[in-house]
Amino acid sequence: MADAIKPNYEQLKITDLHAFYGESHILHGIDMLVRRGELVTLLGRNGAGRSTTLKSIMNMVGNRTGSIMINGRETITTQAHHIARLGVGYCPEERGIFSSLNVEENLMLPPTVRSGGMSLDEIYDMFPNLYERRFSQGTRLSGGEQQMLAMARILRTGANMLLLDEITEGLAPVIVQKLAEVLIKLKEKGLTIVLVEQNFRFAAPLADRHYLMEHGQIVEEIQASELSQKQELLNTYLGV
Amino acid sequence: MSMIFGVPIAVLSGQLLLGLINGAFYALLSLGLAVIFGLLKIINFAHGAFYMLGALCTVVLFNTLGINYWVALFLAPLIVGTLGILIEYFLLRKIANEDHLYSLLLTFGVALVIQGVLTNIYGVSGMRYAIPEVFRGGVNLGFMFLPYYRAWVIVAALVVCFGTWFMIEKTKLGSYLRAGTENSKLMQAFGINVPLLVSLTYGFGVMLAAFAGVLAAPIYSVTPVMGGNILIIVFAVVVIGGMGSIVGSIFTGLAMGIIEGLTKVFYPEASSTVIFLVMVIVLLVRPAGLFGKEA
């Protein structure tokens, strides 16, 4: 991964992104930039448009306009199934574990999109529970295990930019802790991560930068170092 | 002659065999419907027309080009399957995001057009197609006479049904299909070419129908309208088995054939109604069908 060490490599650059579900206009001109190896969060209340931003990047919304550059390539007109091939791994909020597939089938389902992904052995090393339950039906796993599976599934593909939607939602603190450790490891590996997160305490120590969203717009960009100064602003927008 | 429940064994087993053969056709056809419904969420009203096309293709290939049964067994499903893929690509795909009623109407319309055009060309009187040489005659099993061709139909249908089940449940390609059935948007986000998968799946379902048509050509009367009657029963089979269930459609297809056959022995007047009676009962007791997942 020679290009991974290039400083300031723009892995994801979104300009004036508008997204629509049928008649409803959800995103109103998003601008954001994620450099390689960064971990960036999208913060905001429910309905602020954070999940829709991730879905728009994957071309899973009804309609989208503006510009989404991935690795310097314009993808606004790219078909959905070509976007993953650019090295993007998507973990949906509802986890998207397939009930008609067992754990290992779930794990093997997404095609490899780049070389350098984790092998099955490495994944089972990282998530021993998945190994023990590899022949169980995917949706028979506990919520935490399903979340591990949803993460592990995209690590296998070699994707070097991960879009993670609410991965800690509804999980026990010990699992959340485990997920934080996983994210730190992935960051050390040089992966780029965009994290939609409700749990600010989980996200704050991990992230390099935060984008604060409200009503389908980005209202503030906050560096990790500015967190304490902007605490009040965060409280207002997040309502914590 | 020995009797069971006051019915000669030969009569009983003869009707059972006929039932099993009808059941084999129900199974093949409902299997195709199930595969298509699973991924495309389309109720394919053109299925009977594709079945008919398989049979008609076999007859026409023989009459015009002298192509024999064995070649037709592969060629006819291939031709009809390709037609299915074209219909999916040029018609069904355009309305994929609309309400499912549209695709239902569209496939119904396609069936009417195909049947109408072919009726115009070939008329509605049945065309004859000879049973292939190797399958002429039969064997006396002692309690009944088993024509070789009918035995072949049952074996071929079972093998194809099992092969389809195996492919869907046990292979990587099958895992794509199962996953696509559950959440095709996410599959797309993983980088799987879902539109291609949809085309191929529709083509495959259509091929199953055409394959059934080839099997039917030597034993049923081949006419452009032969698909209409059987399709109604096959829909009942699909409803009984549970929409989209692979195992359900195979099992229910065979079972309904046998139930129909038995009814012919014991109460012939009800034989054409019995499947619908079963359907009503199943819908009352298990609305999702015998093998369907409760929503």
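Could you put A:S115, B:S272 in order, starting from the residue whose Cβ has the fewest other Cβ atoms within 10 Å?
With the sparsest Cβ surroundings first, the list reads A:S115, B:S272.
Nearest 500 deg cm²/dmol is fine: what mean residue ellipticity at 222 nm does chain A get from its DSSP H runs of n ≥ 4 alone, each adding -39,500 (n - 2.57), divided by its residue count? Intermediate results must be reported in sequence, preceding the final value.
On the way: 9 runs with 71 residues, N = 240.
Only helices count here, giving -8000 deg cm²/dmol.
Normalised by the residues of region B:119-177, what does the relative contact order come to in percent, with Cα pairs under 8 Å and at least six apart?
Relative contact order, region B:119-177: 16 percent.
Which FRET efficiency value, to the nearest 0.05, is calculated for B:I4 and B:K293 with the Förster distance at 41 angstrom and r the Cβ-Cβ distance?
It comes to 0.60.
Taking springs between alpha-carbon atoms closer than 10 angstrom, which of B:T181, B:T273, B:T252 fluctuates most in the Gaussian network model of chain B?
B:T273
Sticking with the crude label model, points 7 Å out along Cα→Cβ, report the distance from A:Q223 to B:V113 in nm, one decimal please.
Result for the modelled spin labels: 6.4 nm.
Can you give the local net charge around B:G14? Use residues other than it whose beta-carbon is closer than 13 angstrom to its beta-carbon, Lys and Arg +1, Asp and Glu -1.
Its environment carries a net charge of +2.
Under the rule of at least 5 residues apart or a separate chain, name every residue whose amide H is placed under 5 Å from the amide H of A:N102.
Amide H neighbours of A:N102: A:G138.
How long is region B:3-285 along each principal axis, judged by its Cα atoms, biggest number first, in Å?
62, 51, 34
Convex hull volume of the Cα atoms in region A:2-238, per residue, in Å³?
Cα-based convex hull of region A:2-238, divided per residue, equals 122 Å³.
Tell me, what HN-Hα J-couplings in whole Hz come from the Karplus equation 6.51 cos²θ - 1.76 cosθ + 1.60 at θ = phi - 60° for each residue of region A:18-28, using x for Gly and Pro?
These are the phi-based 3J(HN,Hα) values: 10, 10, 9, 10, x, 7, 7, 8, 9, 9, 10 Hz.
Put +1 on the Cβ of every Lys and Arg and -1 on every Asp and Glu Cβ in region A:2-238; which of A:S228, A:T75, A:A203 then has its Cα farthest towards the positive end of the dipole?
Of the listed residues, the answer is A:T75.
With only alpha-carbon atoms counted, please give the Rg and Dmax of the protein assembly as shown, in Å.
28.6, 99
When only DSSP loop residues count, what GluC sites (Glu not before Pro) in region A:24-108 have their Cβ near at most 10 other Cβ atoms within 10 Å?
none
Lys and Arg at +1, Asp and Glu at -1: add these up for the other residues within a Cβ distance under 14 Å of A:R85 and post the number. Don't skip to the answer; put the middle values down first.
Details: positive: A:R73, A:R114; negative: none.
Overall, the nearby charge balance is +2.
With θ taken as phi - 60° and the coefficients 6.51, -1.76 and 1.60, list the Karplus ³J(HN,Hα) couplings across region A:153-160 in order, rounded to whole Hz; mark glycine and proline as x.
These are the phi-based 3J(HN,Hα) values: 4, 8, 6, 5, 6, x, 4, 10 Hz.
For region B:152-271, just say rounded, prolate or oblate: build the C-alpha gyration tensor, square-root its eigenvalues into a ≥ b ≥ c, call rounded for a/c under 1.5, and beyond that prolate if a/b exceeds b/c, oblate if not.
prolate
Full extension from B:L158 to B:L146: what is 0.36 nm times the residue separation minus their Cα-Cα distance, to one decimal in nm?
On the way: separation 12, 0.36 × 12 = 4.32 nm, distance 1.72 nm.
2.6 nm is the gain from fully extending B:L158 to B:L146.
Return the FRET efficiency for the residue pair A:H25, B:I67: r is the Cβ-Cβ distance, R0 is 51 Å, and the value is rounded to the nearest 0.05. Write out the running numbers ahead of the final one.
Numbers: r = 58 Å, r/R0 = 1.14.
After rounding to 0.05, the efficiency reads 0.30.
Identify the residues of region A:202-224 with backbone N under 18 Å of a label point that sits 7 angstrom from the Cα of A:E188 along the Cα-to-Cβ direction, or state none.
Under cut-off, by backbone N: A:205-208.
Would you mind calculating the relative contact order of region A:2-238 from Cα pairs under 8 angstrom and at least 6 residues apart, reporting the percent as a whole number? Mind showing how you got there, number by number?
Numbers: 457 pairs, mean separation 64.2, N = 237.
That works out to 27 percent.
Binning at 10 Å from 0, report for region A:61-173 what percent of all alpha-carbon pair distances ends up in each bin.
The calculated distribution, bin by bin, is 14, 42, 31, 12, 1.
Using Cα pairs closer than 8 Å and at least 6 residues apart in sequence, work out the relative contact order for region B:142-295, in percent.
Numbers: 92 pairs, mean separation 27.4, N = 154.
Answer for region B:142-295 is 18 percent.
Taking H as built 1.01 Å from N, whose amide H comes closer than 5 Å to the amide H of A:G44, not counting residues under 5 places away?
Amide H to amide H, under 5 Å and 5 or more residues apart or across chains, A:G44 pairs with A:M213.
At a Förster radius of 51 Å, what calculated FRET efficiency corresponds to the Cβ-Cβ distance of A:S115 and B:R128, to the nearest 0.05?
Computed FRET efficiency for A:S115 and B:R128: 0.25.
Every number in this text was worked out from the coordinates using simple rules, so none of it is lab data. Owing to the predicted nature of the structure, the values given are computational and were not obtained by experimental measurement. Please note: Cβ atoms are built from the backbone with ideal geometry, for glycine as well, and neighbour counts cover all protein chains shown.
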